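One structure below.
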Amino acid sequence: QVQLVESGGGLVQPGGSLGLSCAASGSIFSINAMGWYRQAPGKQRELVATITPGGGTNYADSVKGRFTISRDNAKNTVYLQMNNLKPEDTAVYYCNANASTYSGTSYKRNDYWGQGTRVTVSS
């Protein structure tokens with residue numbers, strides 16, 4: 001199993017910045033793509049940004065130019081730097097990792113999710 005622990009959410013004023021981090025631990029053989037998703041009240045969960053092991057990134061149009069995703073492969077950690085935050089960025093942010101585990105006899109690849117961290121942008 002793989003556990004994802006997020007940190008860094010909170011309350012920030014419009015135009016402010018916040019940084020999120022997510023550390024993966026457990027019986028990890030390798031981690032493929034990692035990413036951040038968010039879910040606002042009354043809305044479906046949506047992709048924010050993803051990053052490959054080689055550093056290739058993909059962003060939702062709504063956050064391009066304001067958010068930056070990065071990762072430290074040695075630490076199995078992914079980060080999200082959020083600048084120029086807007087009220088519409090208010091949501092619970094979830095970390096995701098597509099990881100392979102080894103049980104001793106076989107490899108398995110699954111998607112894993114963190115517990116979520118709340119980001120509120122309000123004056």
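Each reported figure results from applying straightforward, stated rules to the coordinates on display, with no laboratory input. Every value quoted in this text rests on a predicted model; they were computed, and no experiment measured them. Neighbour counts are summed over all protein chains in view; Cβ atoms, including those assigned to glycine, are modelled from backbone coordinates with ideal geometry.
Here the ratio of the Cα radius of gyration of the chain to 2.2 N^0.38 Å is 1.07.
Using the Cβ-Cβ distance between Lys108 and Leu47 with R0 set to 22 Å, the FRET efficiency works out to roughly 0.40.
Our estimate of slack between Ser30 and Arg66, defined as 0.36 nm per intervening residue step minus the Cα-Cα distance, is 10.0 nm.
Spatially close Lys pairs in the chain, defined by Cα atoms under 26 Å apart and a spacing of eight or more places or different chains, total 5. Over all other residues within a Cβ to Cβ distance under 12 Å of Tyr37, the charged ones net out to 0, with Lys and Arg as +1 and Asp and Glu as -1.
With a cut-off of 11 Å between beta carbons, the residues surrounding Asn83 carry a summed charge of +1, where Lys and Arg count +1 and Asp and Glu -1. Taking Ala24, Ala40, Ala91 as the candidate residues, the one with maximal mean-square fluctuation in a Gaussian network model of the chain, Cα springs under 10 Å, is Ala40.
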